[in-house]
Amino acid sequence: MKYYFLITGILCVIYYLILVWYSRKLRSTFAVFWLMTGGVHLILGCAPLHAYMYTILSAVCLAAWISILSVELRIIRAMFGRCDCAVDWIIVLGAQVKGTKITDSLRRRLDTAVAYLRRYPRTRVIVSGGQGPGEDISEADAMAGYLEEKGIAAGRIFREDASTSTRENLRFCRRILDAHNDRVGIVTNGFHIYRASVTAAQEGYRYLYKIPASSNPVFQMNYLAREFFAVAVMWLRGAKG
């Protein structure tokens with residue numbers, strides 16, 4: 001068990017260093033989680049614990065891994081459920097904008113939306129996201145501008161610029177479309193598509209389709225770890241997936 005803690009701790013710290021090197025930030029999105037997790041594992045691996053303590057820790061680790069895998073398998077399975085048919089609307093869920101600049105995760109969502117809208121010219125799009133800290137304009141305005149630059153006609157683009165969360169994204173978009181009768185595609189990064197689709201179903205969307213976008217491969221494991229906690233909180237609040 002000592003070797004498990006030492007090896008896991010070293011791998012977590014290495015991954016944190018990779019994230020720091022890649023992002024040039026000591027505290028990029030959720031990255032500190034890996035440093036803290038690695039530190040705890042290294043301490044447990046080096047500490048002179050009694051054998052019975054390692055027995056207890058083994059049971060705790062086993063339960064933790066079962067919980068993690070049960071959530072991650074659902075997240076990963078949803079990542080491959082791509083829609084290949086025409087829908088009435090697609091909703092592009094917002095993500096952080098730096099000033100007025102589209103970030104990588106959001107650009108990937110928008111590029112996926114552009115490809116879909118070019119393939120199905122009758123589909124309309126809602127760009128959903130309000131204005132948060134560090135953002136000079138709303139996410140919806142930034143997204144609409146990006147889509148227009150890529151050749152999507154302004155008349156096909158509708159803006160929802162008041163939301164601050166995934167649930168609000170989907171709830172406020174209901175003011176624009178008919179959630180009970182319209183066929184609606186959800187565009188977001190693959191790691192987020194499971195939680196978004198469960199939330200959409202809770203919000204009354206009856207004909208829902210998944211349109212997952214890619215994610216930065218370096219950050220993929222980081223995103224999946226962060227999403228585990230978000231999904232766990234959603235389940236604890238009563239959501240069923």
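At-a-glance table
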quantity	calculated
Candidates Asp161, Asp178, filtered to the one that is open to solvent by 20 Å² or more (accessible area, probe 1.4 Å), of a type in the set (Asp, Glu), at pLDDT 95 or above and within 22 Å of the chain's Cα centre (by Cα)	Asp161
Qualifying residue in segment 149-161 (condition: of a type in the set (Gly, Ala, Ser) and not in a helix (DSSP H, G or I))	yes
Any hit, segment 126-145, residues being over 20 Å from the mean Cα position of the chain (by Cα), loosely packed, with under 15 Cβ neighbours inside 10 Å and within 23 Å of Lys210 (Cβ to Cβ)	no
Scan of segment 87-112 for residues that are part of a loop (DSSP other than H, G, I, E, B), out of contact with any helix residue (DSSP H, G or I) (no Cβ under 8 Å at 6 or more places or on another chain) and either at pLDDT below 95 or among the β-branched types (Val, Ile, Thr) (or both), ordered by number	Val87, Thr103
Leu26 being open to solvent by 30 Å² or more (accessible area, probe 1.4 Å) and at pLDDT 90 or above	no
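Residues are listed down the side, and each one gets a yes or a no for (1) in a loop (DSSP other than H, G, I, E, B); (2) aromatic (Phe, Trp, Tyr); (3) in contact with a Leu (Cβ under 6 Å, 6 or more places away or on another chain); (4) open to solvent by 60 Å² or more (accessible area, probe 1.4 Å):
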site: Met36; (1), (2), (3), (4): no, no, no, yes
site: His41; (1), (2), (3), (4): no, no, no, no
site: Leu44; (1), (2), (3), (4): no, no, no, no
site: Tyr54; (1), (2), (3), (4): no, yes, no, no
site: Ser58; (1), (2), (3), (4): no, no, no, no
site: Ala63; (1), (2), (3), (4): no, no, no, no
site: Val71; (1), (2), (3), (4): no, no, no, no
site: Ile76; (1), (2), (3), (4): no, no, no, yes
site: Gly81; (1), (2), (3), (4): yes, no, no, no
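The values are calculated or read from the model by the stated rules, or taken from the named source; none is laboratory data. Fair warning: this is a prediction, and the values are worked out from it, not measured in the lab. Heads up, the Cβs are rebuilt from the backbone with ideal geometry, glycines too, and the neighbour counts pull from every protein chain shown. Side chains are part of the model used for accessible areas, which takes the heavy atoms of the whole protein and leaves out ligands, DNA and RNA. Shrake-Rupley method; radii C 1.70, N 1.55, O 1.52, S 1.80 Å.
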